[in-house]
Amino acid sequence: MASDFDIVVIGAGQAGLSAGYHLRRLGLVPERDFRIVDHAPGPGGAWQFRWPSLTLTTVNRVHDLPGMSFAETLAPGSETAPAATAVPHYYELYEKRFDLRVQRQISVRVVCDRTADGQSCAGRGEVLHVETEGAGTLRTRGLINGTGTWERPFVPRYPGADTFTGRQLHTRDYRTAEEFAGEHVVVVGGGISAVQLLDEISRVTSTTWVTRSEPVFRTEPFAPEDGRAAVAMVEDRVRRGLPPGSVVSVTGLPLDERLRAARDRGVLRRQPMFERIERDGVRWADGTFQPADVILWATGFRSSLDHLAPLRLRGPGGGITMTGRLATQVAVDPRIHLIGYGPSASTIGANRAGRAAAAELTGHLGISRDRR
């Protein structure tokens, strides 16, 4: 069966753009040999949806995409610019410089192998069918999936959640702290986003911080070997077919100047996880009750991979067994690479994964490295 493209890249965030750059470096031509599709209306990946108070001074770091630095796109004094505008601007300039020709507002509904009659997903054919809203069905020999996690916010289930009369929202829905003025906010989560939002909200109203486990704060600088060790732990899990977990979960929370100030204000007094949610608050197993108007779930995200379900990539361990140099290649179907998954979930990891996926997939498909 003929294909429309050698490779389709799903997602134009950090990982997808990195893959596109390296495909071009290998001699492939956009819209002839490969196509990048993205569901969002404009450049920027998940950055374009971040809350306004997340500025370039408060974000952990914006890692450079390959071949073009972020700094060269910034105007003097832009350190306080919202990340939701500065990073998409960088991505837009990047796409133009390397002529990546991203096709936008194209949502991928499902990816599968079609039977000969085209009626059902089955088997392992030579051509993958990427069914979309906005571009019809794209037939491809290989797939690089960079859909990330932003579309799948995770909220754990707790008894009584449906009885709560206040507001429940996820980090993904957060806009400004001022909207909570005069209300008591329970912030649930032990990650970097949780403590950043806890700090912001506590400046305008009362808060309670709840985490499943005791937070670990880092007072010493985060060394490169610490990052490598964290990534290695996640990589080991995905190579064994287990759910990846989070890179951040094993690195600890950096106790920077802002968090030191929050600690001194008494904001970082963590409570263990409550047992249930009631109509007007949360209750712990010992009977302690905290009235609340808002529950903010800063509980992270899950990989957005539902569109790949017909390919039956998951194993008995609940994860997808990965292989390849940087664990981007799906073991049961080497035509598919997942970038921004597992050890490549960080922005710097996504860069390296884009390069590895481009090289390994073109090699697997037997694509010449000299198409120029």
I'd like to know if segment 50-60 contains one or more residues that are in contact with a helix residue (DSSP H, G or I) (Cβ under 9 Å, 6 or more places away or on another chain), at pLDDT below 95 and in a helix (DSSP H, G or I). no
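Just to check your reading of the model, which residue among Arg172, Arg203, Arg240 is basic (Lys, Arg), modelled with pLDDT under 95 and out of contact with any Pro (no Cβ under 7 Å at 6 or more places or on another chain)?
Details: Arg172 fails: out of contact with any Pro (no Cβ under 7 Å at 6 or more places or on another chain); Arg203 fails: modelled with pLDDT under 95.
The unique qualifying residue is Arg240.
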All-but-one check, Gly319 against (1) within 27 Å of Ser193 (Cα to Cα); (2) modelled with pLDDT of 95 or more, failing number (2)
Would you check if there is a residue in segment 141-152 being assigned to a strand (DSSP E or B) and among the aliphatic types (A, V, I, L, M)? yes
Please determine whether any residue of segment 80-94 is at pLDDT 95 or above and out of contact with any Pro (no Cβ under 6 Å at 6 or more places or on another chain). yes
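Take the residues in segment 167-184 that are within 17 Å of Val210 (Cα to Cα) and out of contact with any Lys or Arg (no Cβ under 9 Å at 6 or more places or on another chain); name whichever of them is surrounded by the most Cβ atoms within 10 Å (Cβ to Cβ).
The extreme case among them is Thr171.
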Check whether at least one residue in segment 255-262 is crowded, with 16+ Cβ neighbours inside 10 Å and in a helix (DSSP H, G or I), and report yes or no. yes
Hits in segment 28-48 (condition: within 21 Å of Pro334 (Cα to Cα) and either more than 18 Å from the chain's Cα centre (by Cα) or modelled with pLDDT under 95 (or both)): Leu28, Asp33, Phe34, Arg35
In segment 54-92, what residues are under 21 Å from Ser346 (Cα atoms) and among the polar types (S, T, N, Q)? Thr55, Thr57, Thr58, Asn60, Ser69, Thr85
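The values are calculated or read from the model by the stated rules, or taken from the named source; none is laboratory data. This is a predicted model, so every value here is computed, not measured. Counting neighbours? That spans all protein chains shown, and the Cβs are built from the backbone with ideal geometry, glycine included.
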